[in-house]
1. Could you list, ordered by first residue, the pairs with Cβ atoms under 7 Å in which the first is in segment 212-225 and closer than 17 Å to residue 285 by Cβ and open to solvent by less than 10 Å² (accessible area, probe 1.4 Å) and the second is in a helix (DSSP H, G or I) and of a type outside the set (Asp, Glu), at least 6 apart or interchain?
2. Grab the strands (runs of 3 or more DSSP E) fully contained in segment 390-501, keeping just those with 3 or more residues being closer than 17 Å to residue 532 by Cα and open to solvent by less than 50 Å² (accessible area, probe 1.4 Å).
3. Does at least one position in segment 436-443 carry a residue that is over 19 Å from residue 549 (Cα atoms), out of contact with any strand residue (DSSP E or B) (no Cβ under 7 Å at 6 or more places or on another chain) and modelled with pLDDT of 95 or more?
4. Looking at segment 478-503, I want the residues that are within 25 Å of residue 549 (Cβ to Cβ) and have a partner that is at pLDDT below 95 and surrounded by fewer than 22 Cβ atoms within 10 Å (Cβ to Cβ) with Cβ atoms under 7 Å, at least 6 apart or on another chain. Which pairs are those?
5. Filter segment 139-172 down to the residues that are closer than 17 Å to residue 9 by Cβ and in a strand (DSSP E or B) and list them by number.
6. Mind checking which residues of segment 315-331 are charged (D, E, K, R) and either surrounded by fewer than 19 Cβ atoms within 10 Å (Cβ to Cβ) or under 27 Å from residue 298 (Cα atoms) (or both)?
7. Give the residue that is most open to solvent (accessible area, probe 1.4 Å), with candidates limited to residues of segment 366-377 that are modelled with pLDDT of 80 or more and over 16 Å from residue 538 (Cβ atoms).
8. Read through the list (1) open to solvent by 10 Å² or more (accessible area, probe 1.4 Å); (2) of a type outside the set (Phe, Trp, Tyr); (3) within 23 Å of residue 402 (Cα to Cα), then give the number of the only condition that residue 18 fails.
Amino acid sequence: MTEQQHTGAELFVDALEQYGVTHVFGNPGTTELPVMDALSRSDLEYVLGLQEDIAVGAAAGYAQTRRYHANHDESVQPVGVVNLHVTPGLAHGIGNIYGAMMSGAPLVVTAGNHELDFRHEEPILTGDLEAMVDQFCKYSTEVTSVDALPMVLRRAFRTALTPPTGPVFLALPVDVMLDETGDDPEPLGPIPDAGGGDPDQIDAAADYFVEADQPVLVLGDQVARADAVDAAVELAEATGARVHGEILSSEVNFPTDHEQWISFIGVSEGIASMLMNTDTLGFVGTSTNTTLLRHENPIVPKDATEIHVSNDAWEVGKNTPADAAVVGDPGRVMSAIAERVRERLPEAERESRLQYVQTMKGSLQSTMQQMGEDEKPEGDTRASKAELVDAMSEVVPEAVIVDEGVTAKFALQTRFPLAPEHWVANKGGGLGYGLPAAVGAAIAETETDAPRTVVGYVGDGSYLYYPNSMYTAARHDLDMVVVVPDNRNYRILKNNTVDLMGGEMDDYEFVGMDFEPAVNIPKNAESHGARGRLVETPGEIRPELEEALERDGPEVLDVLIHD
């Protein structure tokens, strides 16, 4: 405790600085003014989003990117902090708080609130903040006393950062932020991983892999979040397994140029059940490994042996029974299993499995490629998704890609050289995460000695949710390029209509799914301070992208594509 008194808001800001925070994202209101005042006397940089969900999405993209930086620099604090405006502001931000939860982004979300002794009069903007947000957070509470603030802040940061990572929420009443205290921030302390796992279950998992005929590894995003890609390679090579990314993967959990990598698993029942049709499956770090629409038949064979590994106990045995169940740090557990498998699996059997993997890879190659290709309509001069991705691969193969391409995502997954720590996607499915997250990723890159190029790959339907995200990019003079695969419709909804109700596209008159008249995305981008260009043919993509990368500041390339 210090003899000098300071306000709760000043203590809050001091704690952020002590915990290594450098940026606070937000959109301020009256109930946040004590915090805003305290920020003005700090070294923290305030990142203004013109709407609260933009601020949350940017904070999440920032946190996801800083987590990768922390893999190489222990001094990096991979947490995003966002400050929202009481009930309506928190309501606006819930879409991307959900997205952050699904993406495992470590966020500390805060919102101001009315004074504790004033709420009985039901002033405007009143609401039950905890009830609104609790289902999307690991922890949520209101700080009702300045004396509790140091402990609650420490708890919130530790909860957000402890695997499985995710958002937490704190309501900060005005009177608590204005009250004075002599307390100091509490030390954050070391953040533990999920541990080494049950040795008996690890031993059983190794035996199941050894006894398998054709094992398959399905890797989820907790692998990348735990910095466990090398351990995944170790396990794959030890077992001779075929490797896939889980359905709706949003990070690179295995090198896509490795000889045992086959593909990401698609969202349809047919593709998913085909790729997981084997005798033994190891599910590591998965959380979204089910189809987009209801499946009529099991996508995992009922008689398959299943090995489940996760740092989240909820995900172990969640949708299908686990024969071996290990709760622990994915990297530590996979390395332990691999060590046992190497001791028990004959080299001849491992080589036989690897040969089979190559056979399967060859037979599946055309199927996987077709997922990212569309037949060009006769006379159509627009690019295909494949042509767009191929041009990006030539110009920016080492870029950090922040992806909300939706139906254009499959071309990216099958044609772009996705590398670990270079791709994050919208895992939650709600549109409006990708563009703010790309802005947050670009801000994160400014904090490194060698900033990487950030490319937002955001479909037009997604872009139009929060086009004013580009104001934040321009305000901070971020060097980033947003590529918009623009088919001028919600193609995913048309596809889902046919999948759900049958028939052909021509059988339906789609209501509310086409952008007619089209929004002028380049002009919109320019109105928010970015540069915008319309790209109408395949031949224009590469030179326009090269020019955009050469210029300083944010750029938006609106690339017309056909379905």
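The values are calculated or read from the model by the stated rules, or taken from the named source; none is laboratory data. Computed from a predicted model, the values in this text were never measured in an experiment. Note that each Cβ is placed from the backbone with ideal geometry, even for glycine, and that neighbours are counted across all protein chains shown. The accessibility values were calculated without ligands, DNA or RNA, using every heavy atom of the protein model including side chains. Shrake-Rupley method; radii C 1.70, N 1.55, O 1.52, S 1.80 Å.
1. 215/209; 215/239; 217/235; 217/236; 219/232; 223/229; 223/232; 223/330
2. Output list reads 454-458, 480-486.
3. yes
4. Partner pairs satisfying both residue conditions: 487/563.
5. Once the filter is applied, which keeps residues that are closer than 17 Å to residue 9 by Cβ and in a strand (DSSP E or B), segment 139-172 yields 142, 170, 171, 172.
6. Those that are charged (D, E, K, R) and either surrounded by fewer than 19 Cβ atoms within 10 Å (Cβ to Cβ) or under 27 Å from residue 298 (Cα atoms) (or both): 315, 318, 323.
7. Residue satisfying both the conditions and the ranking: 366.
8. The single condition residue 18 does not satisfy is (3).
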